[in-house]
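To keep things clear, I will list the structure first and then write my remarks on it.
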Number of protein chains: 2
Amino acid sequence: MRSEASTEGVTVGLNAVIVAVTEGVPRILSVPWQGADEDSDSTREALPFGLLDPMRDRTLELGLRRWVEEQTDLSLGYVEQLYTFGDRDREPPGERQGRRALSIGYLALVKESQVGGGGRWRDWYSFFPWEDRREGPPTLIANSVQPALARWVEGSADSGERRNRRERADIAFGLGGARWDGERALDRYELLYEAGLVGEARRDRVVGQAQEGLEAEGQSEWPNPIPGRSLCLDHRRILATALGRLRGKIRYRPVIFELLPREFTLLQLQRVVESLAGVGLHKQNFRRLVAHAGLVEGTGKQTVHTGGRPAELFRFRREVLHERPAPGVGLPEMPEPAATRGGGLDSAYALH
Amino acid sequence: MRSEASTEGVTVGLNAVIVAVTEGVPRILSVPWQGADEDSDSTREALPFGLLDPMRDRTLELGLRRWVEEQTDLSLGYVEQLYTFGDRDREPPGERQGRRALSIGYLALVKESQVGGGGRWRDWYSFFPWEDRREGPPTLIANSVQPALARWVEGSADSGERRNRRERADIAFGLGGARWDGERALDRYELLYEAGLVGEARRDRVVGQAQEGLEAEGQSEWPNPIPGRSLCLDHRRILATALGRLRGKIRYRPVIFELLPREFTLLQLQRVVESLAGVGLHKQNFRRLVAHAGLVEGTGKQTVHTGGRPAELFRFRREVLHERPAPGVGLPEMPEPAATRGGGLDSAYALH
DNA sequence: ACCCTTATTCTCTATTTGAGCATAATTGAA
DNA sequence: TTCAATTATGCTCAAATAGAGAATAAGGGT
């Protein structure tokens, strides 16, 4: 059961989403990019990446660590493989040079203290403004995303396809009575890509999956993109994958402490969780949750106060790994967002 | 920030873990294997796999579907990418032919009706006998795994390393007061591999990460492997990844219905969940859970009875995707396994 | 002393779990 | 026909968890 095929000319790129949280802002490291993208300045930026050296790197993760440490002065703590992307059509035409490119995305977490002046630490939400709901659902969704998606839904001639699109849009963005699910960050980005609502789609000549009514190459017909910084190649897709994965992970593994100093206040911890989850949390209940779950333990020490009563310093409690099968900060199911209710796109269904 | 490296000679294999559940037994499809493994018959079997044809396959997943459908008469429903493996040292020496092999693992779910006579549908737990706890913790753990791991722990000269090993073993296998976590199937397999307790380790000449006291090549010193069917290359590792991932997934996405006919009884549903999760569930509470969560809805129809009172037929309720952010069967945290308590390996800690 | 800010403790209620008892509807055997 | 076995389904009760917020504590500044 082996099919013989020419696998020559495959290039393996290792891409790192390197995350840190500073002052409540989740940030990722980006680097300049001198590729052949024809698009504007916004895509002249990339995730740090390098090629796998098959003769040198014993494992993929070691390869990643090698050149991250060669090229930055970061020391990566937690590293996790995310996904391998290899769509032929997800590269800009200028980049395709006869060889097929795979990119393996990695998620790496570093502590705030590692955020130096060197690289560009971009606010993660500058790439996905619709993902930050700490202050409630962003107006961007009601003002831009929802109408644009509605147009995309209506843009299909086939009524079954319209239902399908409406369903996907509702579930991804929590419209029409559906609830917002922070972990679906990739679904949301992919949907916008398919609908031609992000710059990369235009660059790749994506025509929203049989986007009837629009000419494939009729560039004047492209809808206005939703705001949000682009990246070269498929790097914003990798970034969305990382966001969704990390949001899921913090719920059942104590990875959040990789982003914090050894000792921290509960509010610091809460802010880091909130910044990644993209939702605001109830302070007293959050405290009860992490304390009761045995995730943290108090050191006797106190902070030098910054504003109010001094807070106790806590540290991660390693023993929790013994006690619970899935120790994490178990985010609440967010309260129903009053804002976007009702005006949704309505429903149908398609799995995947 | 691109490092130039020779990426020639990389081969991309697409591997499928194709899962079905029949009569309460979770099964995966395997195929014969004529590779250069020197080991015994047990490794002459493989996951179905094929090579990516970079010129032909537009996406990785399409490539996978192409040759699965070419080579079997299965129609894959749900397909999900698992992980990309590329350790140089995880292939048997005979297989390394100058080129580096990456394997991208996929998980695919098919319905019971697809299980034909064609392939070999192996009981998933025949590869991982320690993972099936439906009848409580298997005696295999207390009888074989625990003592063998204890020897491995003691096999290190360095006391810090011993603590580290003990910690990992405890958490992975739920020993020493730690709780069993079904999703750590990969951790468990990797631990056994490192400890030289599975056949593949011997084949690959792994010396349990600085296994002092054993000669690297002194084959007579190898510990007896833990029972369980082997596979060629790193396929058992992919299989373990799939098991852990699927166990996690059924908790928050309704993928379980991909394995069931369109209409089913609640007991059928429960048996499928149990078979994958590897634990037994409380019947009445399971019923309450899935009904109350809105995951299923009754059709008026009844089964033709098989033994007792006829059961109502249910079907998956698509609308649940609108109502809950993470619809799944939310497994309970298993009751404390009375059997393995107390006799554990004791504790220390190491993240990851 | 009083106000502002943040921390921390508690209460109260509603919901979700865990466990098990009781009842219902079949089939097959006595 | 009646009973035993078997599976389905409904219901209860207590414990644990989650959501919301009041009340109190401990700092700084004016």
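The values are calculated or read from the model by the stated rules, or taken from the named source; none is laboratory data. What you see is a predicted model, and the numbers here were worked out from it, not measured in a lab. For neighbour counting, all protein chains shown are included, and Cβ atoms are generated from backbone atoms with ideal geometry for every residue, glycine included. Quick note on the areas: whole protein, heavy atoms, side chains included, nothing else; ligands and nucleic acids left out. Shrake-Rupley method; radii C 1.70, N 1.55, O 1.52, S 1.80 Å.
Values as computed for the structure displayed
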| read-out | value |
| --- | --- |
| Filter result (among the hydroxyl-bearing types (Ser, Thr, Tyr) and either away from chain A (no Cβ under 14 Å) or out of contact with any helix residue (DSSP H, G or I) (no Cβ under 9 Å at 6 or more places or on another chain) (or both)) within region B:239-284 | B:THR265, B:SER275 |
| Verdict on A:ARG179 being of a type outside the set (A, V, I, L, M, F, W, C), at pLDDT 90 or above and not assigned by TED's automatic domain parsing to the domain that holds A:VAL79 | no |
| Test: residue in region B:63-71 that is within 30 Å of B:VAL279 (Cβ to Cβ), open to solvent by 10 Å² or more (accessible area, probe 1.4 Å) and at pLDDT below 85 | no |
| Pair list, Cβ < 9 Å and 6+ apart or interchain, from region B:8-34 residues that are more than 9 Å from chain A (Cβ to nearest Cβ) to residues that are in a strand (DSSP E or B) and among the acidic types (Asp, Glu) | B:VAL25/B:ASP123; B:PRO26/B:ASP123; B:ARG27/B:ASP123; B:ILE28/B:ASP123; B:SER30/B:GLU45 |
| Candidates B:ALA277, B:ALA311, B:ALA291 - the one that is within 30 Å of the chain's Cα centre (by Cα), hydrophobic (A, V, I, L, M, F, W, C) and within 11 Å of DNA strand D (Cβ to nearest atom) | B:ALA291 |
| Test: A:GLU258 is among the acidic types (Asp, Glu) and more than 16 Å from DNA strand D (Cβ to nearest atom) | yes |
| Of the criteria (1) part of a helix (DSSP H, G or I); (2) crowded, with 21+ Cβ neighbours inside 10 Å, which one A:LEU197 fails | (1) |
| Number of positions in region B:129-173 that are within 14 Å of B:TYR189 (Cβ to Cβ) and of a type in the set (Lys, Arg) | 1 |
| Answer from B:LEU186, B:LEU191 - the residue that is open to solvent by less than 30 Å² (accessible area, probe 1.4 Å) and within 19 Å of the chain's Cα centre (by Cα) | B:LEU191 |
| Test: residue in region A:109-125 that is buried (at least 20 other Cβ atoms within 10 Å of the Cβ) and under 30 Å from A:GLY176 (Cβ atoms) | yes |
| Of all residues making up region A:234-293, the number that are within 16 Å of DNA strand C (Cβ to nearest atom) and not charged (D, E, K, R) | 24 |
| Residue satisfying condition, being under 26 Å from the mean Cα position of the chain (by Cα), outside the structural domain of A:GLY77 (by TED's automatic domain parsing) and within 16 Å of DNA strand C (Cβ to nearest atom), within set A:GLY328, A:GLY298 | A:GLY328 |
| Helices (runs of 4 or more DSSP H) within region B:226-317 that include 3 or more residues of a type in the set (Gly, Ala, Ser), in contact (Cβ under 8 Å) with a residue 40 or more places away in the chain and open to solvent by less than 70 Å² (accessible area, probe 1.4 Å) | B:235-252 |
